[in-house]
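Single-structure report; data block below.
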Amino acid sequence: MIKSRPIHPDFHFFLDLKDQELIELFSDLRRYILELHPDSNELLYHTHALTAVFSISEKLSDAFCMLPVYTNHVNLGFNKGTLLEDPNNLLTGTGKLIRHIDVKKPEDYRNPKVKALIKEAYDFAVQDMDKPTKSSGKTISKIKKK
């Protein structure tokens, strides 16, 4: 069994303000992403949403997916979703690049179709990367402390 990476205290502070159902959904989805790609870096932000971004480097531009936690819901977002094949038409959204899957229960992401989409996004990020990464498997907080 892969050892779970703890949630960073900066992120946990804001996550604890959410409903327990959202906390559990986010935590399971995060664990799932890290089980699939344990060496990915996790970049943490608190802007319009509390967001964990998973990247193949320390850079946001090399991210393959993200988990924004809003007031009442969680999404599994893909930073370059419009560039993915998405043969099962799982992705929704209208942005120039970002697409997402609405997440309401574990079955929305713990399935072979979403697993394949995450793999496609990861592989795309690796191919699209400018320079090799300097580090992997880190959690990097970009959350401003007040």
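Nothing in this text is a laboratory measurement; each read-out follows from the coordinates by a stated rule. Here the structure is a predicted model, which means the values were calculated and not measured. FYI the Cβ positions are ideal-geometry reconstructions off the backbone, even for glycines, and counts take in every protein chain you see.
Assorted remarks:
Yes/no matrix, rows are residues, columns are (1) of a type in the set (S, T, N, Q); (2) closer than 19 Å to TYR122 by Cα:
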position	(1), (2)
ALA49	no, no
SER57	yes, yes
ASN72	yes, no
ASN88	yes, yes
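- Index of the failed condition, LEU43 passing every other in (1) under 11 Å from the mean Cα position of the chain (by Cα); (2) hydrophobic (A, V, I, L, M, F, W, C); (3) within 15 Å of ALA121 (Cα to Cα): (3)
- Any hit, the range 41-54, residues being among the polar types (S, T, N, Q), within 18 Å of SER141 (Cβ to Cβ), surrounded by 14 or more Cβ atoms within 10 Å (Cβ to Cβ) and out of contact with any Leu (no Cβ under 7 Å at 6 or more places or on another chain): yes
- Residue list for the range 95-117, restricted to those being over 23 Å from ASN72 (Cα atoms) and exposed (fewer than 11 other Cβ atoms within 10 Å of the Cβ): LYS96, PRO112
- Among the residues listed as GLU85, GLU21, the single one being in contact with a helix residue (DSSP H, G or I) (Cβ under 7 Å, 6 or more places away or on another chain), without any contact (Cβ under 8 Å) to a residue 40 or more places away in the chain and exposed (fewer than 14 other Cβ atoms within 10 Å of the Cβ): GLU85
- For the range 1-12, filtered to residues that are under 19 Å from LYS144 (Cβ atoms) and loosely packed, with under 15 Cβ neighbours inside 10 Å, the residue that is nearest to the chain's Cα centre (by Cα) is HIS12.
- For the range 33-77, filtered to residues that are among the β-branched types (Val, Ile, Thr), part of a strand (DSSP E or B) and touching a residue at least 40 places away in the same chain (Cβ under 8 Å), the residue that is nearest to THR92 (Cα to Cα) is VAL74.
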